[in-house]
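The structure under discussion appears below in the form of structure tokens.
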Amino acid sequence: PARQDRPAPNVRPAPQPRADSRWNGNDRNRGQAGQDARPGRQNGAVQGNRDRRDWRDANRGNRPDTRQEWRGRQNNDRRVDDNRRWDNNRWNDRDNRNWNRGSAQNRFDDRTRWNNQRRWDNGWRNDRRYDWRDYRTRYGDRYRAGRYHAPRGWDYGYRRFSVGIFLGAPLYANSYWLNDPWSYRLPPAYGTLRWVRYYDDALLVDIRDGYVVDVIHDFFW
């Protein structure tokens with residue numbers, strides 16, 4: 001006769017809930033039986049939701065506030081964009097091609113710039129020897145310098161620079177120097193100063209840091 005104490009074939013015993021589970025067994029289907037594994041608890045799905053809320057509250061202090069973190073990143077991005085704007089003192093390009101040297105330690109202030117050389121005197125415009133306008137009227141062909149070829153990578157086109165800005169090194173490379181200023185009836189550049197062609201403008205630049213000392217707009221034709 002068959003023994004009665006053996007389980008029927010192909011019948012698996014009922015699973016036992018895990019005592020160390022974070023979600024009290026994490027068996028959402030247990031709610032279909034209408035009885036939770038713990039005494040006095042019914043509807044396991046509802047209890048699981050409560051336990052998840054309790055766990056989130058208990059660990060809230062250990063997680064970063066993603067909203068504050070997002071706002072911080074947004075503010076940092078905004079400050080970076082502001083630093084890239086034109087502010088009459090520098091042009092920081094977005095490609096980091098060093099159009100502006102940017103580092104304050106490489107720049108000279110108004111005192112140290114003229115320590116070892118004579119300060120530039122803008123009064124040269126009152127000297128009749130340097131009346132370049134009258135000279136250009138008579139010898140205009142000398143001021144037809146041809147098409148200006150900007151340095152490779154310069155994508156900003158012409159910008160009307162003024163005294164006091166700092167240029168990037170490619171804009172005052174020696175290929176743009178006016179090696180004979182007198183031929184244009186300009187005063188001679190001395191020391192670390194050089195007359196430089198920039199599109200149709202003539203700029204006097206301190207080549208140590210790119211500081212623009214003097215500007216003549218619409219100098220060339």
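In this structure, Arg119 does satisfy being in a loop (DSSP other than H, G, I, E, B), open to solvent by 70 Å² or more (accessible area, probe 1.4 Å), at pLDDT 90 or above and out of contact with any His (no Cβ under 7 Å at 6 or more places or on another chain). Does Asp127 fit the bill of being under 39 Å from the mean Cα position of the chain (by Cα) and of a type in the set (Asp, Glu)? No, not satisfied.
Reported count of residues in region 107-116, each being more than 15 Å from Leu204 (Cβ to Cβ) and either surrounded by fewer than 10 Cβ atoms within 10 Å (Cβ to Cβ) or free of Cβ contacts under 8 Å to residues at least 40 places away in the same chain (or both), is 6. Just so you know, in region 168-221 the residues that are touching a residue at least 60 places away in the same chain (Cβ under 8 Å), assigned to a loop (DSSP other than H, G, I, E, B) and in contact with an Asp or Glu (Cβ under 9 Å, 6 or more places away or on another chain) include one that is most open to solvent (accessible area, probe 1.4 Å), and it is Trp221. The residues of region 190-221 that are on the phi < 0 side of the Ramachandran plot and of a type in the set (Gly, Ala, Ser) amount to a single one, Ala202.
Might you let me know whether region 146-161 holds any residue that is outside any helix (DSSP H, G or I), small (Gly, Ala, Ser) and loosely packed, with under 12 Cβ neighbours inside 10 Å? So far as region 146-161 goes, yes, one or more of its residues are outside any helix (DSSP H, G or I), small (Gly, Ala, Ser) and loosely packed, with under 12 Cβ neighbours inside 10 Å.
The values are calculated or read from the model by the stated rules, or taken from the named source; none is laboratory data. Small disclaimer: the values here were computed from a predicted structure and weren't measured. For neighbour counting, all protein chains shown are included, and Cβ atoms are generated from backbone atoms with ideal geometry for every residue, glycine included. The accessibility values were calculated without ligands, DNA or RNA, using every heavy atom of the protein model including side chains. Shrake-Rupley method; radii C 1.70, N 1.55, O 1.52, S 1.80 Å.
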